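Trainee: There's a structure below that I have some questions on.
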Amino acid sequence: MCGIVGYIGKEQAAPILLDGLSKLEYRGYDSAGIAVFNGTSIEMTKSTGKLKILEELTQGGATLPGNMGIGHTRWATHGSPSDINAHPHFNKEHSIAIVHNGIIENYQKLKKHMEKRGYEFLSETDTEVLAHMLDYYYNGDPVETITKVMHRVEGSYGLGIMFLDQPDCLYAARKDSPLIVGQSDKGNFIASDVPAVLKYTREVYYIQNEEIACLKNDSITFFNIDKEEIEKELTTIEWDVAAAEKGGYEFFMLKEIYEQPKAVRDTLNPRIKGNDIVIEELGMTDEDIRAVRKIYLVACGSAYHTCVAAKYVFEGLARIPVEVDLASEFRYRKPIFEEGAMAVIVSQSGETADSLAALREAKNNGVRTLGIVNVVGSSIAREADNVIYTWAGPEIAVATTKGYSTQLIAHYLLAVKFARVRGTISAKEMTEMVEALKCLPEQIEFLLANKERIQKFANRYLATEHVFFIGRGIDYAISLEGSLKLKEISYIHSEAYAAGELKHGTISLIEEGTLVTAVLTQDDLYQKSISNVQEVRTRGAFVLAVTNTGHTEVEKSADYVIYIPQTNKYFTPSLAVIPLQLFGYYISLGRGLDVDKPRNLAKSVTVE
Ligand code: AGP
């Protein structure tokens, strides 16, 4: 998720742009740039690294005089962090400059079209294709030109655009990526988020999907995608700056829980073509996929929990033997790699020392390696033979949520693709699974809309000291993540157990009032799981059950039931985890803890 700012008014633009970008620093970024119209040309400076470097290069903005400009901090999705991939991007003549936040899902196709028309690309980004398309369609009418591009682009975008021959107007357009317009007596602003403008104004317009804004020194005009002028309401921002950085949420963790539908959609959509799954970055032919004899899934923490779930998916669908390893154990057990082995290293940060070491262990043994990573250009992403990026955007809270959810999506896409190529599922089954995957974002939204029930339940357990999470099969993997989410941010002792294992010792810990969370999403294991619920209930446990809509039988055994929408049995972790994330969040919140920065923990464990 990148940061965008734009300004037009009486003041020098560059210092305002730099200041605005510094307020978006929390979004995480790997490069930054600004472009300013100086009266005769559009001049630009951009570089990798922190904003400080850009401030030094532009001497606080002094090297770029002018009162209209755009700026950008980049969270790389397409193309590694580099000067050339940093925004803004120009058309060839430097008569159009653009900054973009979002993902152009059909950019490969659009890029091919533009190359056929003689356009040359300098960067690896999806954004650059927009600069050339604006150039191609430009007829002197910026609004008409922008709408032509919007009609052809699939995906999400928040755009800031300058046209050299339109020196008194700054343009903005939006679809799915947030963009606001700020109004003040000093001039007018665009920004991807409120904090960038709060120093100058609290009066903002929220650009809605497929709307365009034209900002002049002292006026702002809005258009819809049919080029019709539209009226919009001005909103006064009441937040303080700290709250604004979290988009109005109290903690980044809740913000990121709520970003999961978009993160899942952004990770899914570019890889679903009709009813087929196309993972271009996989770097494997169908023959390569058929030659895989064993998959090692290796990670730490929550990423490891996605691997525990993925084992069921890969073995259930693609019938490929899978070994799941904690990265911190992997290299020390001297794994024996057979012919046809493949190692998948899963990491949100791409910098986890143990996971990086596991990757190197596999590579040193001649094993094909694939990364599932969120941070573009990170060590694991760079060193793996191939990498599938999870397009979750920057994850700030130490407790991962959207990082975890998008890792699951990457696993599902891989497993279904492998199963189809190896013929272990039919075309019809693949179509049904692709349809189920497409429904996940809305189903997550549905669960998030019903958070109050979980918040109320959590508030009854703020003082609890021990919580157990149990489940069978893939529900055990979900229990692992639910348990970690709770303990790492609430400091309450919690354990996850394969439900059938409890009676082999741990059940001795169950006493009157012990909270046990039971996950029951697998039809074929439902009855057995109910028996395990009854085992703990008869020993005094209070049972919270998470199960599929319609599975009401569990109400006879559990004290509190949360239902999740029906989906393919292999995809239930994406839904069952939502109430468990919220449960951990509200317990931590209720205990007055720093949800985003729990004690003793770091966002990325870059040491062994
Ligand atoms: C999960 O909430 C924790 N933040 C932690 O377990 C994390 O998943 C683990 O450290 C792995 O991090 P990575 O995905 O960046 O490699």
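Trainee: Toward the positive end of the charge dipole of the stretch 527-579, about the Cα centre and with charges on Cβ (Lys, Arg +1; Asp, Glu -1), which of SER557, ASN532, THR567 goes farthest?
Mentor: ASN532
Trainee: If one computes P(r) from the Cα atoms of the stretch 1-141, what percent of pairs lie at distances over 25 Å?
Mentor: The share of Cα pairs beyond 25 Å in the stretch 1-141 comes to 24 percent.
Trainee: A further question on this structure: Per-residue ellipticity at 222 nm for the chain, helices alone: DSSP H runs ≥ 4 residues times -39500 (n - 2.57), over residue total, nearest 500 deg cm²/dmol? Write out the running numbers ahead of the final one.
Mentor: Numbers: 19 runs with 209 residues, N = 608.
Rounded to the nearest 500, the figure is -10500 deg cm²/dmol.
Trainee: Among LEU179, CYS214, VAL264, flag the residue with its Cα farthest along the positive direction of the charge dipole of the chain, charges on Cβ as +1 for Lys/Arg and -1 for Asp/Glu.
Mentor: Most positive-ward Cα: VAL264.
Trainee: Follow-up. Across the stretch 417-425, in residue order, what do the Karplus-derived ³J(HN,Hα) couplings come to in whole Hz, using 6.51 cos²θ - 1.76 cosθ + 1.60 with θ = phi - 60° and x for Gly and Pro?
Mentor: 4, 4, 5, 5, 5, 8, x, 8, 10
Trainee: Okay, next question. Given bins 10 angstrom wide, list per bin the percent of all Cα-Cα distances in the stretch 473-545, short to long.
Mentor: That works out to 20, 55, 24, 1, in percent per bin.
Trainee: So, in Å, what gap is there between the alpha-carbon centers of the stretch 410-468 and the stretch 31-50?
Mentor: Between the Cα centre of the stretch 410-468 and that of the stretch 31-50, the gap is 42 Å.
Trainee: Fully extended, how many nm does the chain gain between TRP239 and LYS294 (0.36 nm per residue separation, minus their Cα-Cα distance)?
Mentor: Full-extension gain reported as 14.6 nm.
Trainee: Report relative contact order for the chain in percent, whole number only (criteria: Cα-Cα under 8 Å, sequence separation at least 6).
Mentor: The normalised contact order for the chain reaches 11 percent.
Trainee: Label-point separation (nm) for HIS113 and TYR137, each offset 7 Å from Cα along Cα-to-Cβ?
Mentor: Reported label-point gap for HIS113 and TYR137 is 0.8 nm.
Trainee: Collect residues whose amide H, placed 1.01 Å from N in the peptide plane, falls under 5 Å from the amide H of ASN106; neighbours closer than 5 in sequence don't count.
Mentor: Residues meeting the criterion, in which the H sits 1.01 Å from N, are GLU154.
Trainee: If Lys and Arg each add +1 and Asp and Glu each add -1, what is the summed charge of the other residues whose beta carbon sits under 13 Å from the beta carbon of SER156?
Mentor: Once positives and negatives cancel, what remains is -3.
Trainee: Among 541-553, 371-383, 455-467, 412-424, how do they line up by average Cβ neighbours within 10 Å per residue, starting with the highest?
Mentor: Ranking, from highest mean packing down: 371-383, 412-424, 541-553, 455-467.
Trainee: Net charge around LYS428, counting only other residues with Cβ within less than 14 Å of its Cβ (Lys, Arg = +1; Asp, Glu = -1)?
Mentor: Spelling it out: positives minus negatives among the neighbours equals -3.
Trainee: For the stretch 433-527, with equal point scatterers placed on the C-alpha atoms only and solvent neglected, what are the log10 I(q)/I(0) values from the Debye formula at q = 0.17 1/Å, to two decimals?
Mentor: Summing over Cα pairs of the stretch 433-527 leads to -0.89.
Trainee: By how many nm would the segment from ARG599 to ILE336 grow when fully extended, if each residue of separation counts as 0.36 nm and the alpha-carbon distance is taken off?
Mentor: 90.9 nm
Trainee: Eigenvalues of the Cα gyration tensor times 5, then square-rooted: what semi-axes does that give for the stretch 561-608, in whole angstrom, largest first? Numbers along the way, then the final one.
Mentor: Working: eigenvalues 154, 63, 6 Å².
Three semi-axes, in Å: 28, 18, 5.
Trainee: Counting alpha carbon pairs within less than 8 Å and at least 6 residues apart, what relative contact order, in whole percent, applies to the stretch 240-337? Can you show the working numbers first?
Mentor: Values: 60 pairs, mean separation 18.6, N = 98.
The normalised contact order for the stretch 240-337 reaches 19 percent.
Trainee: Still on this structure: With 10 Å bins from zero, work out the P(r) of the stretch 508-608 over every alpha carbon pair and list the percent per bin.
Mentor: 14, 36, 30, 18, 2
Trainee: Taking only C-alpha pairs under 8 Å that are 6+ residues apart, what is the relative contact order of the stretch 62-139 in percent?
Mentor: 33 percent.
Trainee: Give me a comma-separated list of calculated 3J(HN,Hα) values for the stretch 176-188, in order, Karplus coefficients 6.51, -1.76, 1.60 applied at θ = phi - 60°, integers in Hz, x for any Gly or Pro.
Mentor: Once rounded to whole Hz, the list reads 6, 9, x, 8, 10, 10, x, 10, 8, 6, 8, x, 10.
Trainee: Next question. For the stretch 206-214, what does the Karplus curve 6.51 cos²θ - 1.76 cosθ + 1.60, with θ = phi - 60°, yield as ³J(HN,Hα) per residue in whole Hz, taken in order and with x for Gly and Pro?
Mentor: Values, residue by residue: 9, 6, 8, 4, 6, 10, 10, 10, 10 Hz.
Trainee: Still on this model: Give me TRP75, TRP391 ranked fewest to most by other Cβ atoms within 10 Å of their Cβ, as a rough exposure proxy.
Mentor: Fewest-to-most ranking of TRP75, TRP391: TRP75, TRP391.
Trainee: Grab the other residues whose beta carbon is less than 12 angstrom from that of LYS255, score K and R as +1, D and E as -1, and report the net.
Mentor: -3
Trainee: Rounded to the nearest angstrom and ordered from largest down, what semi-axes does the equivalent ellipsoid of the stretch 171-305 get from its C-alpha gyration tensor (root of 5λ)?
Mentor: In descending order the semi-axes read 41, 22, 11 Å.
Trainee: Let me know the volume per residue of the alpha-carbon convex hull for the stretch 429-477, in Å³.
Mentor: Looking at the stretch 429-477, the number lands at 100 Å³ per residue.
Trainee: Further question: Considering the convex hull of the alpha carbon atoms of the chain, report its projected area averaged over all viewing directions, in nm², one decimal.
Mentor: Details: hull surface 110.0 nm².
Across all orientations, the chain yields a mean hull projection of 27.5 nm².
Trainee: Any chance you could check the Cα centroid distance between the stretch 209-254 and the stretch 275-293 for me, in angstrom?
Mentor: Computed from Cα coordinates, the inter-centre distance equals 42 Å.
Trainee: Right, something else. In which sequence would SER192, SER123 go, from the one with the fewest C-beta neighbours within 10 Å to the one with the most?
Mentor: Fewest-to-most ranking of SER192, SER123: SER123, SER192.
Trainee: Starting from the Kirkwood radius over alpha-carbon pairs of the stretch 97-190, derive D by Stokes-Einstein at 10 °C in a medium of 1.306 mPa s and give it in µm² s⁻¹.
Mentor: Diffusion coefficient, whole number: 114 µm²/s.
Trainee: If you place +1 on the Cβ of every Lys and Arg and -1 on the Cβ of every Asp and Glu, how big does the dipole about the Cα centre of the stretch 275-369 come out, in debye to the nearest 20?
Mentor: Values: 11 positive and 15 negative charges, 77 e Å.
In total the dipole reaches around 360 debye.
Trainee: Taking just the alpha-carbon atoms of the stretch 331-458, what radius of gyration and Dmax come out, in angstrom?
Mentor: Cα-based Rg and Dmax for the stretch 331-458 come out at 17.5, 53 Å.
Trainee: For a footprinting-style exposure proxy, rank LYS597, LYS438 by other Cβ within 10 Å, fewest first. Numbers along the way, then the final one.
Mentor: Numbers: LYS597 17, LYS438 14.
Final ranking by Cβ density, sparse to dense: LYS438, LYS597.
Values quoted throughout were computed directly from the atomic coordinates according to the rules given, and no laboratory measurement underlies them. Everything numeric here is computed off the predicted structure, so don't read it as measured data. Note: ideal-geometry Cβ built from the backbone for every residue, glycine included; neighbour counts use all protein chains shown.
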